């Protein structure tokens, strides 16, 4: 079985999350990823808890299967190794503030002149253009500035950060998309491109309904808790033993929901259309919960699923990691230790491609500078034509 990126070499200077998430995805698709780290400390996430046997589970979850070499790009000997790596690489990824790579002599213009086919992927808080390009940013900063926090949380509550680091993750996803597009383009032109992805741009790009509401009505939406602002009923509901979700996203599904619940309101003008249901969302929620409170969650989930109404339990992560559908899709994998034993658990690869292996384990995360000898020998063999 083959992977689509077999033979593609990624030189990865990124650290923490957005960039390493992108290089992890490329590695899962078959690329060889060489992680270039700072001597002595390496990627910041090597020091992030939780730890197991002295190793960071966070680092292992994002960096498994990569190789590591520690290079000081201000030292002549290490620069020579890095230059040799650049000559072999298809893609270089970095997530420094704009200008850092230029000061080192490895900015896009310099590298493109020396290696015209090299694809240069950059991810940063605010991108490489614009008045705030050189400002520092973390996930929470772009969630706040990009509008995500303004629509997250309970109605009339204070702004809340999304629990996952979506500013980083979305930027990493867009970086992968851009790099793959550049690879396709290189097949036609022979030329590499610069891919410039900003975390702030990424979070704005995923706010489809909030942008539509703001621009169409002139009023920006606020937080609505679990309720969708443009679809009703589409939120959490109380059963006898707690909360579960119902997502009846169109009139036909709403009619099925009413049939299961025995609610004779399908033709009621207050609920006959989605727009009307949104206007009367609180009233509709009370009517639904007057019925669902009489039985446990499992009862309603079974009945609604049988009727084809989208529904489900609200699971914590421990429950989700044992979900039969998630397990069936090989979305929980073991990251091995250097001795081959399972050491950590990570999310699997959500991109399922025909003809590509999807193993239940992942190779170990690299020790800092642990692959130097192998990488240097590989470079020397190439020089010698072996």
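Bear in mind that the values in this text are calculations on the coordinates, not laboratory data. Everything numeric in this text was worked out from a predicted model, so none of it was measured. Cβ sites come from the backbone with ideal geometry, for glycine too, and all protein chains shown count toward neighbours.
Rounded to the nearest 0.05, the FRET efficiency derived from the C-beta distance between residue 279 and residue 243 at R0 = 22 Å is 0.40.
Taking Cα atoms only, the orientation of helix 208-217 departs from the longest principal axis of the chain by about 60 degrees. Relative to the first principal axis of the alpha-carbon coordinates of the chain, what is the inclination of helix 76-88, with its axis defined by its Cα atoms, in degrees from 0 to 90 and to the nearest 10? Once rounded, one gets 60 degrees. Modelled spin labels at residue 206 and residue 129, positioned 7 Å past Cα toward Cβ, are 2.4 nm from each other.
Determine the relative contact order of the range 234-314: mean sequence separation of Cα pairs under 8 Å and six or more apart, normalised by residue count, in whole percent.
Values: 109 pairs, mean separation 35.4, N = 81.
Computed over the range 234-314, the figure is 44 percent.
Ranked by the mean number of other Cβ atoms within 10 Å per residue, highest first, peptides 296-303, 50-57 order as 296-303, 50-57.
Averaging the Cα positions of each part gives two centres, and for the range 1-80 and the range 342-361 these lie 18 Å apart. The order of the peptides 125-136, 223-234 by mean Cβ neighbours within 10 Å, most packed first, is 223-234, 125-136. Taking other C-beta atoms within 10 Å as the exposure proxy, 48, 59 rank 48, 59 from fewest upward. In the chain, the longest principal axis of the Cα atoms and the axis of helix 251-261 are about 60 degrees apart. Mean residue ellipticity, 222 nm, helices only, the chain: the sum of -39500 (n - 2.57) across DSSP H runs of n ≥ 4, divided by residue count and rounded to 500, is -11000 deg cm²/dmol. Relative contact order of the chain, taken over Cα pairs closer than 8 Å and 6 or more residues apart, is 17 percent.
Mean projected area of the convex hull spanned by the Cα atoms of the range 234-314, taken over all viewing directions: 4.4 nm². The range 166-202 to the range 232-288: how many Å between their Cα centroids? Measuring centre to centre over Cα atoms gives 41 Å.
Take the alpha carbon atoms of the chain, find their radius of gyration, then divide it by 2.2 N^0.38 Å using N residues; give the quotient. Intermediate values should be presented prior to the final figure.
Values: Rg = 24.8 Å, N = 386, 2.2 N^0.38 = 21.2 Å.
My calculation over the Cα atoms of the chain gives 1.17.
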